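Just below is one structure, and these are the notes that go with it.
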Amino acid sequence: MADADARDAPADGEGAATGPSVRTELPTRASAAVVLVVTLAAAVALMGRVAPTLPAVVAVAHAAAVAASLWLVDRDRWRGTATAAAGVLALGVGASFAVAVGYTFLALLAAAYPVPEVAQIRPRGLRVASATVVVLGGTLALVGGFATAAGRLRPETVRAYAKLAVKTFVVPLVVAALMLLTTLLARLGGAGEAPVFAPLAERLAGAVGAVVAPVPGRTHLLTFAALVAAASLAVARGVDALPVDELSTPRTDDRVEAATDAVVRAARRTLVVTAFALPVTLVEVVLAPADLRSLLSPGVYGLLAAVTASHGLRALLLATVLVAGGTAAVVWLLGRLARTDAVDAVVALTPFVGGGAVVALAVAVHGVVLAPTLSFVADALPGGFETVFVRQSDAVVAFYGSLPVVTTLAAVLVGMTAALSLALAVVASTGALPESAPGPALAAAGIFVAAAFAPGADAGPPLVLGGVVAAFVVWDAGEYGAVLGREVGRGADTLAPESVHVGATLAVGVGAAGFAAVAHRVAANATIADVTTVPFALAVVVAGLLLLVVALR
């Protein structure tokens with residue numbers, strides 16, 4: 001047994017504490033190797049039995065990419081470069097997950113349908129759903145196995161990666177939206193017809209026109225009041241954010257401060273008045289223009305119509321919102337940068353650089369990857385769906401062009417990575433995964449889910465029981481390795497005791513699986529009227545309860 005200092009210090013500078021009472025300890029290298037090898041064998045065997053070979057290969061690549069991303073995020077040296085690399089790798093993480101799970105569903109769907117008889121719809125649908133869940137569980141198990149080997153599946157690391165993925169997602173999302181919107185608005189007045197977004201384009205054009213250039217001759221109280229409120233808020237925030245004390249001299253200090261205070265007070269009062277007036281402006285939604293004119297008198301209505309529909313006044317208000325809001329944002333950003341260490345500021349902005357690299361990659365390869373990608377998806381669809389997909393995709397590409405479409409796809413894939421990382425961060429932070437061994441727990445849970453749904457995809461009992469035993473071995477080996485890692489360090493020579501422990505766990509698991517197989521065979525050939533059925537069932541229940549008590553102890 002090592003001394004107290006050796007127990008308290010994590011091996012190789014890793015395994016920092018994550019809470020006041022529970023530590024995330026790295027398992028020993030021997031147990032990490034057992035977790036990785038058993039997880040890899042079980043997950044690949046289950047996925048290869050119920051699905052094509054490609055999803056299993058891509059799932060392994062996906063798990064390796066996630067583990068590499070967590071390792072990059074957790075780096076102390078070359079943090080900026082490592083963070084940017086993890087951001088670029090987010091595209092591969094989302095793409096590999098989509099191919100592994102999505103291709104399984106589409107390929108099995110294409111092979112199962114159409115059916116010759118109506119009675120086959122339900123069993124074939126069950127098989128497709130079960131096989132998809134098996135691949136999903138196997139993919140999660142591989143993530144847990146590779147993350148255990150890398151030693152980086154900790155709540156703080158997962159949260160950092162989730163923040164990185166979200167920031168990386170912002171850049172391709174904004175660029176794709178601008179590309180699509182620019183093309184859409186450019187085609188509105190031409191001969192082109194939007195194949196998918198024509199109704200959206202009409203509503204968007206109407207909204208822009210209602211704000212910037214409304215129809216003259218009638219009142220536009222609601223949109224005008226909203227513009228005044230936005231301008232007032234922006235002016236109050238923008239002027240309040242200005243560094244008046246730093247920019248003014250002793251002679252002008254009091255006058256400048258008084259002037260800025262007056263502007264801020266006036267803007268806030270205008271905002272309050274406008275906020276109370278907003279519900280009143282809804283009267284023009286309820287009443288027709290003619291009724292409102294008669295209610296207010298033609299003179300008052302004409303004055304309100306001239307003011308609220310004035311293009312110049314609206315343009316001034318909109319410019320005020322942009323300038324004042326931009327000033328507040330710039331001052332806030334400069335203040336944050338001034339209070340932040342230069343290295344931390346660079347690291348905080350690096351994910352956006354990774355997002356820019358994703359966009360640059362889309363620009364470089366959009367003419368090469370789009371056609372094979374669409375053909376790959378079309379070939380995986382059933383005949384009728386393939387025809388519709390090819391027609392719609394060709395229309396979308398012809399209307400928008402290959403670059404906006406590929407950039408949008410890249411944004412979707414990075415967004416999928418952000419969603420997956422956020423889900424994993426929630427699971428890791430809420431205690432759903434034990435903090436003592438989160439990687440082995442995720443691997444064991446994924447294998448168990450895959451094995452549980454494998455019978456619905458026509459997997460045989462030996463493979464299913466083997467998956468259950470593998471989940472048991474993975475969890476027990478990982479937890480025992482975490483205990484040893486806390487006690488003697490990750491790099492200690494623990495091969496002998498761990499071999500005995502894993503061997504005993506495997507023997508118990510194989511024995512339990514054999515007992516379950518024998519019980520299943522006897523129960524399948526027996527009937528409730530058989531004299532030996534009830535005693536045999538009672539013996540099985542008692543033995544199961546005893547084993548459960550022993551396991552809990």
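The values are calculated or read from the model by the stated rules, or taken from the named source; none is laboratory data. Worth saying up front: this structure is predicted, and the values here are computed from it rather than measured. No Cβ is skipped: glycine too gets one built from the backbone with ideal geometry, and neighbour counts run over all protein chains shown. Heads up: the accessible areas ignore ligands, DNA and RNA and are worked out on the full protein's heavy atoms, side chains in. Shrake-Rupley method; radii C 1.70, N 1.55, O 1.52, S 1.80 Å.
Structure notes:
- Listing of helices (runs of 4 or more DSSP H) fully contained in the stretch 354-468 that carry 3 or more residues being in contact with a Leu (Cβ under 6 Å, 6 or more places away or on another chain), at negative phi and not hydroxyl-bearing (Ser, Thr, Tyr): 402-429, 438-453
- Restricting GLY446, GLY415 to those that are touching a Phe, Trp or Tyr at 6+ places or on another chain (Cβ under 9 Å), within 30 Å of PHE169 (Cα to Cα), modelled with pLDDT of 85 or more and of a type outside the set (S, T, N, Q) reduces the list to GLY415.
- Annotation: ALA428 fulfils all but one of (1) open to solvent by less than 20 Å² (accessible area, probe 1.4 Å); (2) within 22 Å of the chain's Cα centre (by Cα); (3) over 30 Å from VAL468 (Cβ atoms); the unmet one is (3).
- From the list VAL88, VAL50, VAL93, VAL135, the lone residue that is buried (at least 24 other Cβ atoms within 10 Å of the Cβ) and more than 24 Å from VAL464 (Cα to Cα) is VAL93.
- Pairs meeting the criteria (first residue in the stretch 344-368 and more than 26 Å from GLY401 (Cβ to Cβ), second residue charged (D, E, K, R) and modelled with pLDDT of 75 or more, beta carbons under 6 Å, at least 6 apart or on different chains) are VAL347/ARG79; PRO351/LYS167.
- Only a single item in (1) of a type in the set (A, V, I, L, M); (2) surrounded by fewer than 18 Cβ atoms within 10 Å (Cβ to Cβ); (3) at pLDDT below 85 is not met by ALA129, and it is number (3).
- Each residue in the stretch 390-425 was checked for being open to solvent by 60 Å² or more (accessible area, probe 1.4 Å) and more than 27 Å from SER69 (Cα to Cα), and 4 pass.
- PRO27 meets all of the listed conditions (1) at pLDDT 80 or above; (2) buried (at least 23 other Cβ atoms within 10 Å of the Cβ); (3) in contact with a Gly (Cβ under 9 Å, 6 or more places away or on another chain) but one, namely (1).
- Residues being at positive phi, out of contact with any Pro (no Cβ under 8 Å at 6 or more places or on another chain) and not β-branched (Val, Ile, Thr) are represented in the stretch 483-505 by at least one member.
- Residue list for the stretch 442-478, restricted to those being among the acidic types (Asp, Glu) and more than 14 Å from ALA131 (Cα to Cα): ASP476
- Qualifying positions in the stretch 81-111 - under 16 Å from SER375 (Cα atoms) and aromatic (Phe, Trp, Tyr): TYR103
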